[in-house]
Amino acid sequence: MGILKGARTGLLLLLTAGPILVFLFLYTFGKNHFELDTYPLKRPDFCQFQDTIPEALLFIDSNNPSKQISQKAFSQQKERLRVFWEKISSSPVIVPIKRIDSSDRLASTIPNGLVYQKAEFWLSADTVLEIQSAKGLSRKRLPAPPRAFLFDKNQNLRGVYGLCIGLSVDTLMLEYKILTDH
């Protein structure tokens, strides 16, 4: 009887102490690490922007929106982003994308948001890119306009997001929080 009682006590201690020991081990030696995708593009190769980037830069491409996308969905997602940035008291610098036209070529100063000619393929709806994700190299199709291009303070492209797709906007908000430590 005494051996059985001792075995039960030992088993009970093991069952209660086991999870605590696992928690302490992971808390001490574990690392919570989230890595964003890396796109093969730097901001100076993509779009004109003359000021410094404090935390993040968001280029908005709302040109040639797809006929399938409703203006109402776009407005709803823009409002969600506005509320999100107000809630965390932080916002990226937001610049609308401009396409090259004859007046821009003749202008003495290049406006912010002007896409460089060699980067025009990034604005195609069917562009497929090789990116470096947390899982390794993968291929990703860029969303159709309206969309946003998020650059970090080191001028690396960190994501391209469809602005009419709720899940894509959720991803933008999460990745912005990760980039800016909010």
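Quick one: net charge around residue 180, please, counting Lys, Arg +1 and Asp, Glu -1 for every other residue with C-beta under 12 Å from its C-beta. Walk me through the numbers before you get to the answer.
Numbers: positive: 153, 158, 177; negative: 55, 152, 175, 181.
Taking every Cβ under 12 Å from that of residue 180, the sum is -1.
Top mean-square fluctuation among 59, 23, 74, Gaussian network model of the chain, C-alpha springs under 10 Å? Judging by the Gaussian network model, the answer is 23.
Per-residue ellipticity at 222 nm computed for the chain from its helices equals -12000 deg cm²/dmol, with DSSP H segments shorter than 4 residues left out and the rest contributing -39,500 (n - 2.57).
Under a Gaussian network description of the chain, with springs only between Cα atoms under 10 Å, the residue in 58, 26, 15 that fluctuates furthest is 15.
The modelled label-to-label distance for the pair residue 141/residue 109, using points 7 Å beyond Cα in the direction of Cβ, is 4.1 nm.
Given contacts defined as C-alpha pairs under 8 Å and at least six residues apart, what's the relative contact order of the chain, whole-number percent? Please report the intermediate quantities before stating the final value.
On the way: 244 pairs, mean separation 57.3, N = 182.
Relative contact order for the chain comes out at 31 percent.
Within the chain, the whole DSSP H helices whose Cα atoms reach 27 Å or more along their own axis and whose mean Kyte-Doolittle score is at least -0.5 are 2-29. Less than 5 angstrom separates the built amide H of residue 47 from those of 116, all sequence-distant by 5 or more or on a different chain. For residue 95, the residues whose amide H sits under 5 Å from its own are 58, 59, 60, ignoring neighbours fewer than 5 places away on the same chain, with H placed 1.01 Å from N.
Across 20, 165, 100, mean-square fluctuation computed from a Gaussian network of the chain (C-alpha pairs under 10 Å connected) peaks at 20.
Using 0.36 nm times the number of residues separating residue 12 and residue 26, minus their current alpha carbon distance, what extension gain do you get?
Values: separation 14, 0.36 × 14 = 5.04 nm, distance 2.21 nm.
Contour length minus Cα-Cα distance gives 2.8 nm.
Take each peptide in 136-145, 90-99, count the other Cβ atoms within 10 Å of every residue, and average; sorted highest first, the result is 90-99, 136-145.
For a quick check: sort 39, 116 by the number of other beta carbons within 10 angstrom, fewest at the front. Kindly include the intermediate steps, with their values, before the conclusion.
Working: 39 22, 116 14.
Going from least to most buried by this count: 116, 39.
Here the spin labels are modelled as points 7 Å beyond Cα on the Cα-Cβ line, and at residue 4 and residue 181 they lie 6.0 nm apart.
Each reported figure results from applying straightforward, stated rules to the coordinates on display, with no laboratory input. Values in this document were obtained by computation on a predicted structure and should not be read as measured data. Using ideal geometry, Cβ is built from the backbone for each residue, glycine included, and neighbour counts are taken over all protein chains shown.
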